[in-house]
Amino acid sequence: MLVSTAEPAPLSEPPHTVLVVDDNRVSRDQLATMVEALGYRAVTADGGLEGLRVVREAQPSLVLLDLVMPDFDGYKVAAAIKAQPRFVPVILLTGASDLESKRRGQAAGADDFLTKPVHQVELQIRIAAMIRIRALTEALDAANRRLAELADTDALTGIANRRRFDQLIATEFERCQRYQRPLSVLTLDIDHFKKVNDTHGHAIGDDVLKVVAGVVAKSLRTSDHMARTGGEEFVVLAPESNPSGALALGERLRRRVEGLSVATPSGSLQVTISVGVVAWDGVGVIDSPGLLKASDDALYQAKEKGRNRVVLALVRGEAPK
Ligand SMILES: [Mg+2]
């Protein structure tokens, strides 16, 4: 997924760290001094192996890399840096008019080249250009992470959406089946929600959804999962819950929602939920859609019996042969 980012990353603060990798002390110190004079923080490494260690420890924004080094040459160091997921620009220092070294260096992963002895202005231009590319790469990564998060989140309540829930139940189901661990599914539905919308308007309806989602989320263990799977429907996955534990959780959620009051212009509003609970022992033969269906059926019974109640269904089925 490609996203363009309009916002440029700040270029000044904190100062970027530039790593100078060179086996020659004089040229290493000279480069470090030039880097500092340009306003960057310089760190140095004596040789390729030390260079790789400093890359891990100092997390530099850019590496100035000498090509000819006795222990681990610039090609190898460039290749090792490029094997990491994080983009760290590498500028390879080669001899003048050494086109073959540049070709090999580029193939190994070098992003740009400088010829020794390095000119201060040329150094400034190359570093600035590479740091700009790196900033764009980072902004793009952040935007992509944010998009992935949005794709899995219900915009109104901030909890997982149906798409994410389908992944969660598949993963949890597989894990519980493999290790024969219990898994409970609770389907919650706000009673007479349509009436809330019709009487008080959709803005109040949205408030109710947010408040209910919030109180349910606060009532769960960290190992439980919760998603908004429909208009006024939420599903909770509770691994490692036996039938009585799952029933107790359903009852606790029902009571807490019953105890809520949502402010409206015409006074405070109370809502209730119906809960269908299915407790699977992790052994009985069923699949994850079957589990969800059983929980839905239990919810339907809770509605039939008058709402604001919890109905438990057990799933054992046939023992596997
Ligand atoms: Mg050298």
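Coordinate-derived values only; no laboratory data. In this text the structure is predicted, and so the values were computed from the model without any measurement. Glycine also receives a Cβ, built like all others from the backbone with ideal geometry; neighbour counts cover every protein chain displayed.
Using a Förster radius of 30 Å, what is the FRET efficiency between Gln180 and Tyr300 based on their Cβ-Cβ separation? Nearest 0.05, please.
FRET efficiency, Gln180 to Tyr300: 0.55.
Only Cα pairs under 8 Å and at least 6 apart count here; give the relative contact order of region 17-151 as a rounded whole percent.
Once normalised by length, the contact order is 20 percent.
Evaluate E = 1/(1 + (r/R0)^6) for Gln270 and Asp166, where r is the Cβ-Cβ distance and R0 equals 35 Å; express this FRET efficiency to the nearest 0.05.
Rounded to the nearest 0.05, the efficiency is 0.60.
I want to verify the translational diffusion coefficient of region 162-315 in µm²/s; compute it with Stokes-Einstein, Rh as the Kirkwood radius over Cα pairs, at 4 °C and 1.567 mPa s.
83 µm²/s
Report the extension gain between Glu36 and Arg255 in nm, rounded to one decimal, defined as 0.36 nm multiplied by the number of residues separating them, less their alpha carbon distance.
Gain on stretching Glu36 to Arg255: 72.4 nm.
Given the Cα-Cα distance of Asp29 and Ala107 and 0.36 nm per residue of separation, how much length would full extension add, in nm?
Result: 25.3 nm gained on full extension.
Enter the per residue convex hull volume of region 73-150, computed from alpha-carbon coordinates, in Å³ rounded to the nearest integer.
Roughly 83 Å³ of hull volume per residue.
Set the Förster radius R0 to 41 Å, insert the Cβ-Cβ distance between Glu149 and Thr199 as r into 1/(1 + (r/R0)^6), and round the FRET efficiency to 0.05.
0.75
Have a look at the DSSP beta bridges in the chain and tell me what percent are antiparallel, nearest 5.
50 percent
Could you work out the Rg to Rh ratio of region 19-163, with Rh taken as the Kirkwood radius (inverse of the mean 1/r over all Cα pairs)?
Ratio of gyration radius to Kirkwood radius for region 19-163: 1.12.
Amide H to amide H, which residues 5 or more places from Asp23 or on other chains are under 5 Å from it, using H placed in the peptide plane?
Gly47
So how tilted is helix 288-304 from the main axis of the chain? Cα-based, degrees 0 to 90, rounded to 10.
In the chain, helix 288-304 runs at an angle near 40 degrees to the longest axis.
Starting at the first residue of region 141-146, write each ³J(HN,Hα) from the Karplus equation 6.51 cos²θ - 1.76 cosθ + 1.60 with θ = phi - 60°, in whole Hz, x for Gly and Pro.
Result, ordered by residue: 4, 5, 5, 5, 5, 5 Hz.
Assign one of three labels to region 125-250, namely rounded, prolate or oblate, based on the Cα gyration tensor with a ≥ b ≥ c the square roots of its eigenvalues; rounded applies when a/c is under 1.5, prolate when it is not and a/b is larger than b/c, and oblate otherwise.
Here region 125-250 falls in the oblate category.
Across region 113-122, in residue order, what do the Karplus-derived ³J(HN,Hα) couplings come to in whole Hz, using 6.51 cos²θ - 1.76 cosθ + 1.60 with θ = phi - 60° and x for Gly and Pro?
Computed from phi, the couplings for region 113-122 are 9, 9, 9, 7, x, 7, 8, 4, 5, 4 Hz.
Return the subset of Lys195/Lys303; Lys195/Lys293; Lys210/Lys305; Lys194/Lys218 for which the Cα-Cα distance in this structure is over 18 Å, preserving the input order.
Violating the 18 Å Cα-Cα cut-off are Lys195/Lys293; Lys210/Lys305; Lys194/Lys218.
Of all DSSP beta bridges in region 251-321, what percent run antiparallel (nearest 5)?
Taking every DSSP beta bridge within region 251-321, about 35 percent pair in antiparallel fashion.
With an 8 Å Cα cut-off and a minimum separation of 6 or more residues, compute the relative contact order for the chain in percent.
Dividing the mean separation by the residue count of the chain yields 13 percent.
Looking at Ile127, Ala248, Val236, which one has the Cα that reaches farthest to the positive end of the dipole of the chain (charges on Cβ: Lys, Arg +1; Asp, Glu -1)?
After comparing all options, I get Ala248.
Sorted from largest down, what three extents in whole angstroms do the Cα atoms of the chain have along their principal axes?
86, 60, 26
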